[in-house]
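Notes follow the structure.
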Amino acid sequence: MTVAVVLLTTAFVIVVALLAAAGAGKLARMDSASYPTALTRAAATFAAVVTLGAVIAGTLTALLT
């Protein structure tokens, strides 16, 4: 059961990170940024969301154990 929860949570965080990255890339392109700049912004957003998910998971683990 615990493995299923961990896998589903990981999948959810990755999907949210991909959606946020796609939104950031689209907004960058709408702001007349070049493709490499838009891709860089999307990658930074993806990394930030994944990092935030890891920090929250670590904090909750420390608080609940």
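Odds and ends about this structure:
- Per-region count, region 30-43, residues in a helix (DSSP H, G or I) and either touching a strand residue (DSSP E or B) at 6+ places or on another chain (Cβ under 6 Å) or surrounded by 12 or more Cβ atoms within 10 Å (Cβ to Cβ) (or both): 7
- Applying the condition of being open to solvent by less than 90 Å² (accessible area, probe 1.4 Å) and not β-branched (V, I, T) to region 44-59 and asking which residue is nearest to V6 (Cα to Cα) yields A57.
- Out of L8, L18, L60, sole residue that is assigned to a helix (DSSP H, G or I) and touching a residue at least 24 places away in the same chain (Cβ under 8 Å): L18
The values are calculated or read from the model by the stated rules, or taken from the named source; none is laboratory data. Keep in mind that this is a model prediction, so the values were computed, not measured. Every residue, glycine as well, gets a Cβ built from its backbone with ideal geometry; the counts of neighbours run over all protein chains shown. Calculation scope for accessible area: heavy atoms of the full protein, side chains included, ligands and nucleic acids excluded. Shrake-Rupley method; radii C 1.70, N 1.55, O 1.52, S 1.80 Å.
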